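Novice: What follows is a single structure, and I will ask about it in a moment.
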Amino acid sequence: MIYINGESISILLFFVGVYGLIARRNIIKSIMSISIMQVAVILYFVSANTAPGSIPPIGDIAQTLQVADPLPQALMITDIVIGIGVTAASLTMFIHLYHRFRSTNWQKIMKKRNRYD
């Protein structure tokens, strides 16, 4: 039985992202951790239920029995575009926070923000 496949690597990557999100106080590292988690989800959905020897459904596929399902791949392309937008919006908010509070640490920003209220 092979345990090193797309599903197991994606689960490992997801928990690396969760650890980075929980353990780090830096905003940039938190944004990177969320991106790692998103890539893990994409890898999981693309690699789930793939049979060895299946080919993409492009061209002449009449002689083959194993054809890969194109639906997860199409949905993951959409997820990639949404992930890029979320990352761009997160980095934009980070730049605004950094210019206002001069810190990349979540806790320091919260303390400074409470002083302004």
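Novice: Just wondering, is there one or more residues in segment 4-22 that are at pLDDT 80 or above and out of contact with any helix residue (DSSP H, G or I) (no Cβ under 9 Å at 6 or more places or on another chain)?
Specialist: Scanning segment 4-22 turns up at least one residue that is at pLDDT 80 or above and out of contact with any helix residue (DSSP H, G or I) (no Cβ under 9 Å at 6 or more places or on another chain).
Novice: When both residues are 6+ apart or on different chains and their Cβ atoms are under 6 Å apart, which pairs have a first residue that lies in segment 1-23 and is within 13 Å of Ile36 (Cβ to Cβ), and a second that is aromatic (Phe, Trp, Tyr) and open to solvent by 70 Å² or more (accessible area, probe 1.4 Å)?
Specialist: Between residues of segment 1-23 that are within 13 Å of Ile36 (Cβ to Cβ) and residues that are aromatic (Phe, Trp, Tyr) and open to solvent by 70 Å² or more (accessible area, probe 1.4 Å), the close pairs are Ser10/Tyr44.
Novice: Right, another one. Please name all residue pairs, on different chains or six or more residues apart, with Cβ atoms under 9 Å, provided the first residue is in segment 95-111 and is of a type in the set (Gly, Ala, Ser) and the second residue is part of a helix (DSSP H, G or I).
Specialist: That search, which allows pairs on different chains as well, returns Ser103/Ile27; Ser103/Leu97; Ser103/Ile109; Ser103/Lys112.
Novice: Related question: How about segment 1-56: which of its residues are open to solvent by less than 60 Å² (accessible area, probe 1.4 Å), farther than 21 Å from Met76 by Cβ and of a type in the set (Ser, Thr, Tyr)?
Specialist: The answer is Ser30, and nothing else.
The values are calculated or read from the model by the stated rules, or taken from the named source; none is laboratory data. Nothing here was measured: the structure is a model prediction, and the numbers come from that model. Here Cβ is always computed from backbone atoms with ideal geometry, including for glycine, and neighbour counts include all displayed protein chains. Keep in mind that these areas ignore ligands, DNA and RNA; they rest on the heavy atoms of the full protein, side chains included. Shrake-Rupley method; radii C 1.70, N 1.55, O 1.52, S 1.80 Å.
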